[in-house]
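Report on the following structure.
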Amino acid sequence: MQQSCSMCGGNKAVQVGSSLQKCPVCEGTGKEIQPGLYYCYGIDIVLTALQALSNQSVQILDKPFKWMWAVAQSTGTFTSQVVDGNAKRPFSNQQIHSANAWGTAQNPFPLVQPYVFGVRGQIQVNITDLSNANNTVRLTFIGVELDA
Ligand SMILES: [Zn+2]
């Protein structure tokens, strides 16, 4: 449950001199800013040589998920395209080489703009092996769970 902003008490505005101005803490929402709690979603995929798979997915649980970093570990190179399955929104125009889209846990790839998947939403991945051998890919979507 979301609390009222501790600065404006939920009034969305604060008195500055003789005028009311938009609350600078909650940016006029009247709600306490919730930074969220650490959470990550994983998708593990096993590809055979040069195999392409569509719509590998994981369902978002009962809180919105703000995706902030992309991390992957794999036994070979691959291309991938992440899609918000509910909004049908792809994050790239085509599948992107693994070296250009995913970081490691020690050096994660930060999203230029974090993205919020809604409750019961779906992270989908279209993926293709480039290694011409069996390829075990473990994708990790790191971010925070927000209050629903
Ligand atoms: Zn406020």
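Of all residues in the stretch 1-24, those that are at positive phi have Cβ atoms under 6 Å from Cβ atoms of residues that are within 11 Å of the ligand (Cβ to nearest atom), 6 or more apart or on another chain, in Gly10/Ser4; Gly10/Gly30; Lys12/Cys23; Lys12/Gly28; Lys12/Gly30.
Conditions (1) modelled with pLDDT of 95 or more; (2) farther than 24 Å from Tyr38 by Cβ; (3) in contact with a Pro (Cβ under 7 Å, 6 or more places away or on another chain), marked per residue:
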position: Val71; (1), (2), (3): yes, no, yes
position: Thr77; (1), (2), (3): yes, yes, no
position: Phe91; (1), (2), (3): yes, no, no
position: Gln95; (1), (2), (3): yes, yes, no
position: Asn100; (1), (2), (3): yes, yes, no
position: Phe109; (1), (2), (3): yes, no, no
position: Arg120; (1), (2), (3): yes, no, no
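All conditions in (1) among the β-branched types (Val, Ile, Thr); (2) within 29 Å of Val119 (Cβ to Cβ); (3) within 16 Å of the ligand (Cβ to nearest atom) hold for Val58, with the sole exception of (3). Does the stretch 38-48 include one or more residues that are closer than 15 Å to Phe141 by Cα, charged (D, E, K, R) and open to solvent by 70 Å² or more (accessible area, probe 1.4 Å)? Within the stretch 38-48, one or more residues are closer than 15 Å to Phe141 by Cα, charged (D, E, K, R) and open to solvent by 70 Å² or more (accessible area, probe 1.4 Å).
Restricting attention to the stretch 1-21, and to residues there that are within 22 Å of Asp147 (Cβ to Cβ) and open to solvent by 90 Å² or more (accessible area, probe 1.4 Å), which single residue is nearest to the ligand (Cβ to nearest atom)?
Out of the qualifying residues, it is Met7.
The criterion of being assigned by TED's automatic domain parsing to the domain that holds Ala133 and over 17 Å from the mean Cα position of the chain (by Cα) holds for Asn93.
The values are calculated or read from the model by the stated rules, or taken from the named source; none is laboratory data. Not measured: the values here are computed from a predicted model. Ideal geometry is used to build each Cβ from the backbone, glycine not excepted, and the neighbour counts take in all protein chains shown. Ligands, DNA and RNA are stripped out before the accessible areas are found, and what is left, the full protein with its side chains, is counted by its heavy atoms. Shrake-Rupley method; radii C 1.70, N 1.55, O 1.52, S 1.80 Å.
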